[in-house]
Each structure stands twice: as C-alpha cells, then as structure tokens.
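Scroll down for the structure; my scribbles are underneath it.
The values are calculated or read from the model by the stated rules, or taken from the named source; none is laboratory data. Quick caveat, the model's predicted, so the values are computed rather than measured. Note that we place each Cβ from the backbone using ideal geometry, even for glycine, and neighbour counts take in every protein chain shown.
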Amino acid sequence: MNDDFPRERTRIAQLLRETATPGPRLVKGWVRTLRAGKEVSFIALNDGSCLAHLQVVVAAPLNGSAEMARLGTGACIEVRGELVVSPAAGQHWELRAQEIRVLGEADADYPLQKKRHSFEYLRTIAHLRVRSNTFGAVFRVRSALAYAVHRFFQERGFLYVHTPIITANDCEGAGEMFRVSTLDPANPPRVDGAIDWSRDFFGERTGLTVSGQLQGEAFACAFSDIYTFGPTFRAENSNTSRHAAEFWMIEPEMAFADLAEDCRLAADFLQYLCRYALEHCREDLEFFAEHMEKGLLEKLEDLVGARFQTLTYTEAVKELQAAGERFEYPVRWGCDLQSEHERFLTEQVVKGPLFVTDYPKEIKAFYMRLNADGKTVAAMDCLVPRVGEIIGGSQREERSEVLGARMAEVGIAPQSLQWYLDLRRWGSCPHAGFGLGFERLLMYVTGMGNIRDVIPFPRTPGNAKF
C-alpha cells in the first residue's frame with residue numbers, strides 16, 4: 001500500500017464538487033459500468049452518496065492486472081488514485097487509479113446490467129434495486145425528508161412521541177387491522193363458540209396499529225404540541241398504486257388548537273418539506289423531472305409559493321355540481337369525494353392547493369368534533385394539484401358527552417376506549433391534528449407513480465418476501 005494515500009475513504013459526492021481539490025484519494029463503491037480496453041479501462045463507480053458516478057481511469061500496467069480481471073458490473077471495490085481535472089466533457093473530476101482491490105466480486109448473473117429494467121421487475125429484486133439510479137435517488141430523498149420532518153417539528157417545540165405498534169384500539173373503526181396473537185390458529189380456545197381472547201398473550205384482542213393518533217392525543221393533553229412518525233398498517237386487500245399494507249405516518253397533535261390552526265400548520269408543513277427538497281435534493285429532483293414527471297420542479301416551486309384556499313365540503317359539492325363535468329362517480333351531498341373530484345377542485349376551480357372542510361359526519365371518523373349544525377364535523381382534507389388529498393385532519397371532539405354519543409352511533413363500545421373518554425373527563429381542552437402519509441408525500445415530491453417504489457421493502461397483498 002502506498003503510504004502517500006489517505007487511509008480513510010472520501011465519499012464520491014464530496015469528490016465531485018467543483019470546490020474539491022486535486023490530490024491522492026481513497027474511494028470505495030460499486031461498479032456501475034466497466035468499459036475495458038487494451039490500454040485503458042474506464043470504471044463508473046458509485047457509493048450511493050449522490051446520483052453521479054465517479055469515473056475511474058485505469059491505465060497499464062494496472063489495467064492488465066489479475067485484480068482487474070476479477071472486475072465486473074456490480075463488484076465492490078476500493079481504489080487509491082490521484083484526483084485530477086477531467087479532460088472529458090460532462091464531468092469535472094476523474095480518478096487516475098494506482099491501486100485497485102476487489103472487496104466483493106459479482107458474477108455474470110448479476111441482474112443490474114446496462115439495459116433498463118421495468119419497475120415491476122425491479123420490485124422482484126428489491127434487495128438490489130437500490131443500486132439503480134432511480135431508486136438511489138428515491139431513497140436519498142426519502143432520507144432527507146425524514147430528517148426534515150423532525151427538523152420542522154423540533155424547531156417549533158413539538159415533542160416526538162413513539163406510539164405503540166401493537167394496540168387494542170382501532171382508530172379508524174373500520175376493522176382493517178392485522179391481528180396479533182399467540183393463540184393456536186388451528187385450534188384457538190373458545191367460549192360459547194367465540195374465540196376467547198382473554199387467553200391470548202395480551203389478554204384481549206390486539207392488532208397492528210392503523211394510527212398513533214389516539215395515543216398522541218393523550219400526550220398532547222400533557223405536553224401541548226406533539227408529533228408521531230412511525231409505521232402503521234392496514235389489512236386491506238388492495239392492489240392499487242396508492243395502497244400498501246405497511247406505510248409510515250406523520251401525525252402532529254396540538255392542544256388549544258382549532259381547525260383553522262390545524263390547516264395553517266398543515267400548509268406550513270407541506271411547504272417546508274417541498275422547500276427542503278428543492279434546496280437539499282436538487283440533483284435527484286432534476287433526475288426525476290427528466291425521467292419521471294415533466295414540470296416536477298415547477299410544481300414544487302409553485303406549491304412552496306402558493307396561497308392555500310379553503311372551501312367547505314358543501315361549497316365544494318356545489319362547485320362540482322355546477323361544473324357540467326361528466327365524472328365517473330356522480331357528486332351529491334353526503335358522498336365521499338373521489339380523486340377525480342379532488343383534482344378538479346384544485347386544478348380547475350381554485351387552480352392551486354386547497355383545504356376542504358366541514359364534511360358530513362357520516363363519512364368521517366367518530367373522534368372529529370361535531371359542528372353546531374349537527375350534520376357536519378370539523379374535519380379538513382388538504383388537496384394538491386395532480387394528486388388530490390395529501391393530508392387529512394380534524395379538530396378532535398373534546399366534549400365527553402358528545403364523544404360518547406358519537407361512539408354509540410357508530411357502534412363503538414365505551415369500555416373499549418374508556419381511557420380515551422377519560423381524557424375528556426379530566427382536564428379536557430380543544431385540540432386538533434392531522435395525518436400525512438409519508439409515502440404519498442414522497443410520490444408527490446419525486447413524481448414516482450407507485451407507492452411500492454418509494455418504500456424500501458413494500459408490503460402488499462401476497463408480497464412480504466424481503
């Protein structure tokens with residue numbers, strides 16, 4: 001080993017900056033392409049730190065060495081060499097190799113060769129797809145925005161809460177939970193023909209959480225402003241491009257807040273994340289704008305500078321009915337707005353982001369605050385062009401007797417959520433919050449069309465291989 005070379009590796013992202021300086025460097029990464037020549041070979045090396053590759057130039061006698069003979073696409077190598085200004089177009093620097101060591105070979109069956117592969121195929125090799133340009137960009141953006149989520153709330157004094165993954169509470173009341181049990185599935189204990197859940201591990205029927213909201217409310221009633229950010233689960237047998245069985249949710253909860261304050265926080269949050277992506281993920285976003293969604297950068301810049309407008313659900317329905325548009329799903333007061341309705345409102349009616357508020361109580365969850373009209377609840381959905389709904393939230397029902405009546409209406413036994421009712425008995429206060437599905441945000445920011453392609457190892461019906 002040449003003692004003139006550093007013993008610590010430099011990330012390729014650092015080397016490719018124009019502010020870098022020539023000199024000896026140690027780099028490590030994976031071979032994306034290898035152009036082997038008699039006198040000179042060229043290696044495109046990537047270590048995941050950025051989208052661009054570092055060109056490694058290998059000249060004789062190293063070019064004819066036994067170590068070079070072991071190289072192939074996908075191999076992992078370390079290279080010691082001299083960083084120099086590149087004479088080639090399209091790159092500022094290249095590395096003139098003086099020593100190469102193969103850390104891990106890749107045989108001829110390595111599936112990520114030069115030709116392009118469909119996203120459907122790449123999902124079958126989820127353990128390797130992250131080495132491709134597209135998925136490298138996706139998960140760098142995902143990492144950056146996960147950090148930005150925490151930064152946004154921490155800068156505003158919110159407490160980060162780890163809410164439970166296993167719970168006996170179904171926040172949505174829709175029975176879509178994955179069951180968690182240690183009982184013998186072939187022969188569970190029964191009482192009068194029904195499964196005796198009291199003999200299960202937790203002594204009652206439990207499942208994987210669909211939301212951390214209810215537990216988040218308990219913390220908001222002690223710390224004022226809190227947020228959760230963790231995995232949630234839905235046992236829906238859905239194979240759409242927008243649904244996954246496991247996904248990540250961001251759920252802030254604010255004491256002493258009403259629906260208007262909830263909307264303000266949601267708008268600030270969404271604009272902050274888009275601004276952060278534009279400022280810190282520019283190279284990857286430019287890649288997506290070229291290959292995934294034309295006009296992506298302009299879309300994000302427009303949202304960052306937009307003024308969010310507000311329509312009540314009733315006003316929104318009137319706008320849709322007056323539009324003369326032939327929708328696949330007819331519009332009537334009391335219906336749940338579909339994506340086509342939401343997109344029409346944002347793209348044709350207000351031409352920008354929009355909050356729709358005050359939905360009929362029948363199509364919203366039991367915990368949303370009942371309005372004075374007795375027909376609607378203080379709920380909001382944040383809609384954005386090209387996507388539709390991206391955030392959903394509400395002011396929570398803080399009145400004990402009203403909450404109890406709503407639970408009875410929808411068939412939720414009070415004893416199943418007695419602790420939740422207790423929050424209304426002891427020091428109740430107005431409070432509000434919302435939920436943002438992290439993967440849906442990533443689809444919006446990157447232009448990727450399928451939720452399976454913005455989560456590392458997607459869990460969907462029939463798929464839990466990796």
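Looking at 246, 204, 172, 236, just one residue is modelled with pLDDT under 95 and farther than 23 Å from residue 421 by Cα, and that residue is 236. Among the residues of the range 317-335, none is identified as surrounded by fewer than 12 Cβ atoms within 10 Å (Cβ to Cβ) and under 15 Å from residue 383 (Cβ atoms).
From 141, 79, which residue is farther than 22 Å from residue 248 by Cα, among the hydrophobic types (A, V, I, L, M, F, W, C) and in contact (Cβ under 8 Å) with a residue 40 or more places away in the chain?
Values: 141 fails: farther than 22 Å from residue 248 by Cα.
When all the criteria are applied, what remains is 79.
Considering the range 338-364, the residues that are in contact with a helix residue (DSSP H, G or I) (Cβ under 7 Å, 6 or more places away or on another chain) and among the aliphatic types (A, V, I, L, M) include one that is surrounded by the fewest Cβ atoms within 10 Å (Cβ to Cβ), namely 349.
So, restricting to strands (runs of 3 or more DSSP E) that lie completely within the range 1-107, which ones have at least 2 residues that are of a type in the set (Gly, Ala, Ser)? Even if it seems obvious, please write down each step before you answer.
Values: elements: 23-35, 40-46, 54-59, 76-85, 93-104.
Hits in the range 1-107: 23-35, 40-46, 93-104.
Can you give me the number of residues within the range 34-49 that are touching a strand residue (DSSP E or B) at 6+ places or on another chain (Cβ under 8 Å) and under 18 Å from residue 113 (Cα atoms)? Give the steps one after another, and end with the answer.
So the first thing to find is which residues in the range 34-49 are touching a strand residue (DSSP E or B) at 6+ places or on another chain (Cβ under 8 Å), and the list is 34-35, 39-48.
Now narrow it down to the ones that are under 18 Å from residue 113 (Cα atoms): 34-35, 41-48.
Residues in the range 34-49 being touching a strand residue (DSSP E or B) at 6+ places or on another chain (Cβ under 8 Å) and under 18 Å from residue 113 (Cα atoms): 10 in total.
Being closer than 30 Å to residue 140 by Cβ, hydroxyl-bearing (Ser, Thr, Tyr) and either touching a residue at least 12 places away in the same chain (Cβ under 8 Å) or not in a helix (DSSP H, G or I) (or both) is a property that residue 314 lacks.
Applying the criterion of being in contact (Cβ under 8 Å) with a residue 40 or more places away in the chain and more than 18 Å from the chain's Cα centre (by Cα) to the residues of the range 270-288, the residue that is farthest from residue 444 (Cα to Cα) is 283. All told, residue 176 meets the bar of being surrounded by fewer than 17 Cβ atoms within 10 Å (Cβ to Cβ), under 22 Å from the mean Cα position of the chain (by Cα) and either assigned to a loop (DSSP other than H, G, I, E, B) or not assigned by TED's automatic domain parsing to the domain that holds residue 412 (or both). Where strands (runs of 3 or more DSSP E) sit wholly within the range 194-269, those with at least 2 residues that are within 21 Å of residue 442 (Cβ to Cβ) occupy 225-233, 246-255.
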